[in-house]
1. Filter the range 286-329 for residues that are among the polar types (S, T, N, Q) and either touching a residue at least 40 places away in the same chain (Cβ under 8 Å) or part of a helix (DSSP H, G or I) (or both) and give the result.
2. Can you pull out the residues in the range 330-340 that are under 31 Å from the mean Cα position of the chain (by Cα) and not in a loop (DSSP other than H, G, I, E, B)?
3. Which residue pairs have Cβ atoms closer than 8 Å, lie 6 or more positions apart in sequence or on different chains, and pair a first residue in the range 245-262 that is under 18 Å from Pro199 (Cβ atoms) and among the β-branched types (Val, Ile, Thr) with a second residue that is open to solvent by 20 Å² or more (accessible area, probe 1.4 Å) and outside any strand (DSSP E or B)?
4. When you go through Glu151, Glu140 one by one, which is the residue that is over 21 Å from Gly92 (Cβ atoms) and free of Cβ contacts under 8 Å to residues at least 24 places away in the same chain?
5. Counting only residues that are free of Cβ contacts under 8 Å to residues at least 24 places away in the same chain and hydrophobic (A, V, I, L, M, F, W, C), which one in the range 330-340 is least open to solvent (accessible area, probe 1.4 Å)?
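The values are calculated or read from the model by the stated rules, or taken from the named source; none is laboratory data. Please read all numbers here as calculations on a predicted model, not as lab measurements. Because the Cβ atoms are built from the backbone with ideal geometry, glycine has one as well, and the counts that use them run over all protein chains shown. Please note that ligands, DNA and RNA were not included when accessible areas were found on the heavy atoms of the full protein model with its side chains. Shrake-Rupley method; radii C 1.70, N 1.55, O 1.52, S 1.80 Å.
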Amino acid sequence: VTSSSFRPHSRPHSGRVLQPQTARYKPRPAFICAKSDAFAVGRRQMLMVMASTASQQQLAGLATAAGNGTAAGVQQDTAAAAATAATQPAAGYKQPPKEILDIVDAPAQPGLTFSPDRTKILQMSRPPSLPPIFDISRPELKLAGVRIDAEQHSRSRMSYYTGLSIVPSDVLVPAAPEAMLEVRGYPEGAWLNYVTWSPDGSFIAFTTRSPGGPGDPPRGPLQLWLADASTGEARPLLGKRRLNTVFHSYTWLDDNTLVAATVPDGCGEPPSRPPIPAGPRIQDNSSGKKSQNRTWTDLLKDDHDGELFEYYGSSEMVLLDVRQQGSEGEVIAPPRTYTE
């Protein structure tokens, strides 16, 4: 069967199904005339495709030239497509219907923690369940199985709280706004982490960090704050020092004293990778011994990875009496890697 031995299917439809003709078949005209009503005029032409490589643009041109009815149909389809495109954003992420957005972005139930004497409840407001794109798209360092946020000297993609409030333990939670004592004084819109009560329940310690989204302050290591549980007023601790929370954050030692892992003074810029390798990368199995080994993720591949791991994992331990306002604390241990 050659290319010229194809004819239209006896029942025309949009799929343009072609069948090979037999020797006894008498070829029909390529175009079938129909009745002159409006519907038939718009569909009266059929195009015989002689080659499978014909482009859609060529077919559209032929269909437009076939008749006024077909041209009007194409214009209607084009107008409908333009109206549909106008409702969609020209760039960016497409949004689901509002009903779906209301479900996904609904505020989550707050986190709750009792004070040591069980007389108060700390209510910690949570964000919507899905994190913002600018947060999950940030680069992260993958060193020795640890994912590190280099700008914050912390683990990457941490969860967070958006607000703190103190509620009497005999109040039903989530509490109404008039029954809550809001913790205030820290930067508005900051993300909160590492929230703990002091051993006697007089203070609440927590850390703040910038979300880093459009219009937010620059990102940096986490800052330690302290709130008075009786008034809700919060103030920063450690002066200009910031925390290094890759392996440890802070720990209460008694009712008024805590020890914190801070970014070492004068740590400088992180080590950069040498432009020229110091030597070849060698893997040796000359012994020929076979053994079953576990697969570890993100192993240190070279000396530079080891230097980065030591840089971001090193902390300076600082002892602080929280009653001394404005104090930067006392360094009690030199910079090194401390883990819990």
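1. Result: Thr297, Ser314, Ser315, Gln325, Ser327.
2. Thr337
3. Within 8 Å, the pairs are Val259/Leu253.
4. Result: Glu140 is the single residue among Glu151, Glu140 that is over 21 Å from Gly92 (Cβ atoms) and free of Cβ contacts under 8 Å to residues at least 24 places away in the same chain.
5. Among them, the one singled out is Ala333.
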